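Shown next, in structure tokens, is the structure this report addresses.
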Amino acid sequence: MVVLKPVVINKPYILTSIERSTRDVITFRFESQEKKEVHFIPGMFAMLTYKDPETGKSISRAFSIANAPPSDYFEFFIAMINGQLTSKLANAKVNDVYYISAPYGQFQFDMDAGEKFLFLAGGTGVAPFFSMLRQAKSSDKKLDCAMLYSVKYPYDIVEKTELDTFEKEMGAKTFVTVTRPAEGDGWTGQTGRVNGEMIKKYVPDFMDRITYICGPPAFVTALKNDLTAMGVPEREIRAEMWGE
Ligand SMILES: Cc1cc2nc3c(=O)[nH]c(=O)nc-3n(C[C@H](O)[C@H](O)[C@H](O)COP(=O)(O)OP(=O)(O)OC[C@H]3O[C@@H](n4cnc5c(N)ncnc54)[C@H](O)[C@@H]3O)c2cc1C
């Protein structure tokens, strides 16, 4: 783990792009006013702050950085859950100003470690993996990586078109599983929660890989338990969690 001091402290960032990625997730891009590049490691997060112009009150939340470093902007995949900050973001407009501090976190990806990787993503927990895969793609490195990505519904797959390019162009394999399949939803792929059996089925050489897990606490805890029960040493598992 590298200790990186936050270099951006409560700086104004302009909201330059708002794209609905799925029914519940919006991709937001915030650009710095002075266009200064920021170094961070894929997997790290930023603190995003909304300042209420009337009351002066601030609301700050952590968000995994989804774009690749270094960058003069931050991109986030944010689930609209109608909470304190997300209800502000649901009504945000291009050119709104938010405040960012970054980078933070010990969930860090070392692409040059020369290892093979297993990524396990639940919901918006796919965000840090986008940063990792985008970094590998922009550096033209072949990344020996397999990702199991769990979504509730088929329409929950974030940035689907780009996700497909990681496999087509870099050979990074992605397997999606839908935990709440429904008749008529058109999904013919894997269903059910990611678990040890699913990992064995899709990534039989999982023992040779460094594992990164990101998703809700129950997802992360269950998978850590399954992996350690299958003999994966804890030191080869990195994890980040949020949400419910
Ligand atoms: C390191 C880190 C990285 C994060 N990265 C992301 C990210 O990339 N994308 C993202 O959408 N969120 C991410 N989060 C969660 C984010 O920080 C907020 O907690 C979330 O956006 C809700 O904030 P809020 O103010 O709208 O809700 P609040 O008003 O704070 O909370 C409302 C309630 O919703 C619950 N809740 C929080 N998240 C979820 C969820 N996803 N689904 C259902 N219930 C939830 C809370 O536990 C709380 O009970 C991250 C959190 C951490 C700690």
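Each value in this text was obtained by applying a stated rule to the coordinates, not by laboratory testing. These figures come from a predicted structure and were not determined experimentally. Neighbour counts are summed over all protein chains in view; Cβ atoms, including those assigned to glycine, are modelled from backbone coordinates with ideal geometry.
When the chain is fully extended, how far beyond the present Cα-Cα distance does SER87 get from LYS35, taking 0.36 nm per residue of separation? Write out the running numbers ahead of the final one.
On the way: separation 52, 0.36 × 52 = 18.72 nm, distance 2.77 nm.
Contour length minus Cα-Cα distance gives 16.0 nm.
Put +1 on the Cβ of every Lys and Arg and -1 on every Asp and Glu Cβ in the range 8-104; which of PRO103, ILE78, PHE28 then has its Cα farthest towards the positive end of the dipole?
ILE78
Note the full-extension length gain between LYS152 and GLU234 as 0.36 nm times their separation in residues minus their Cα-Cα distance, in nm to one decimal. Write down the numbers at each step before the final one.
Working: separation 82, 0.36 × 82 = 29.52 nm, distance 2.75 nm.
Computed gain between LYS152 and GLU234 is 26.8 nm.
Rounded to the nearest 5, what is the percent of antiparallel bridges among the DSSP beta bridges in the chain? Mind dumping the intermediate values first?
Details: 31 of 56 bridges.
Just about 55 percent of them are antiparallel.
May I have the convex hull volume per residue, in Å³, for the Cα set of the range 111-241?
100 Å³
Given Cβ point charges of +1 (Lys, Arg) and -1 (Asp, Glu) and nothing else, what value in debye, to the nearest 20, does the dipole of the chain about its Cα centre take? Don't skip to the end; give the middle numbers.
Values: 29 positive and 31 negative charges, 65 e Å.
Roughly 320 debye for the chain.
Express the Stokes-Einstein translational diffusion coefficient of the range 41-138 in µm² s⁻¹, to the nearest whole number, given a Kirkwood radius over alpha-carbon pairs, 20 °C and a viscosity of 1.002 mPa s. Kindly include the intermediate steps, with their values, before the conclusion.
On the way: Rh = 14.6 Å.
Calculated translational D: 146 µm²/s.
Longer than 24 Å from Cα to Cα, which of LYS5/LYS168; LYS168/LYS201; LYS116/LYS224; LYS88/LYS160; LYS57/LYS152; LYS141/LYS200 are they? Say none if no pair is.
Working: LYS5/LYS168 36 Å; LYS168/LYS201 21 Å; LYS116/LYS224 18 Å; LYS88/LYS160 26 Å; LYS57/LYS152 34 Å; LYS141/LYS200 26 Å.
Flagged as over cut-off: LYS5/LYS168; LYS88/LYS160; LYS57/LYS152; LYS141/LYS200.
Express in nm, to one decimal, how much length is gained between THR55 and ASP164 on full extension, taking 0.36 nm for each residue of separation and deducting their alpha carbon distance.
Computed gain between THR55 and ASP164 is 34.8 nm.
Please identify every one of the chymotrypsin sites (Phe, Trp or Tyr not before Pro) in the range 116-151 that sits in a loop by DSSP and has no more than 16 other beta carbons within 10 Å of its own beta carbon. Show your work: numbers first, answer last.
Values: sites: PHE117, PHE119, PHE129, PHE130, TYR149; in loops: none.
Here no loop site has a sparse enough neighbourhood.
Compute the separation of the alpha-carbon centres of the range 167-224 and the range 107-131 and state it in Å as a whole number.
Measuring centre to centre over Cα atoms gives 13 Å.
What number comes out for the charge environment of PRO69, summing +1 per Lys or Arg and -1 per Asp or Glu over other residues with Cβ under 14 Å away? Don't jump to the answer; show the numbers that get you there.
On the way: positive: LYS36, ARG134, LYS137; negative: GLU37, ASP72, GLU75, ASP110, ASP112.
Local charge sum for PRO69: -2.
Pick out, from MET170, VAL3, MET47, the residue whose Cα sits farthest towards the positive end of the charge dipole of the chain, with +1 on the Cβ of Lys and Arg and -1 on the Cβ of Asp and Glu.
Checking the options against the dipole of the chain, the answer is MET47.
Report the charge-dipole magnitude of the range 103-163 in Debye, nearest 20, computed about the Cα centre from +1 at each Lys and Arg Cβ and -1 at each Asp and Glu Cβ.
On the way: 7 positive and 8 negative charges, 27 e Å.
Rounded to the nearest 20 debye, it is 140 debye.
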